[in-house]
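Read through the structure below, which is laid out as structure tokens, and then see the notes.
The values are calculated or read from the model by the stated rules, or taken from the named source; none is laboratory data. Source: prediction; values computed, not measured. In this analysis, Cβ positions are derived from the backbone assuming ideal geometry, glycine residues included, and neighbour counts consider all displayed protein chains.
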Amino acid sequence: MGTGDNLESNSSTFMTEIKETAFVMQNVSSKNLIVMDELGRATTSSDGFAVAWTCCEHLLSLKAQVLKLCFFPML
């Protein structure tokens, strides 16, 4: 059990993070400023990097304004 687990909805920290990220990705436009902090932190490094990379690609393709803080130096 992690500190971010949501026991009421039976969601792990990672599931909660992915649900919130999916909501942002589905509702973003080029007029939005997106601030993302430590995306992919609730999983393995390789999975977290894949999630963060994919989100970056999607946001860049929409030309959204993004402030991204993460622990992946290659991003």
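Can you name every residue in region 2-36 that is surrounded by fewer than 10 Cβ atoms within 10 Å (Cβ to Cβ), out of contact with any helix residue (DSSP H, G or I) (no Cβ under 9 Å at 6 or more places or on another chain), on the phi < 0 side of the Ramachandran plot and modelled with pLDDT under 80?
Correct list: Leu7, Glu8.
Hey, among Gly48, Gly40, which residue is surrounded by 15 or more Cβ atoms within 10 Å (Cβ to Cβ) and either of a type in the set (D, E, K, R) or assigned to a helix (DSSP H, G or I) (or both)?
Gly48
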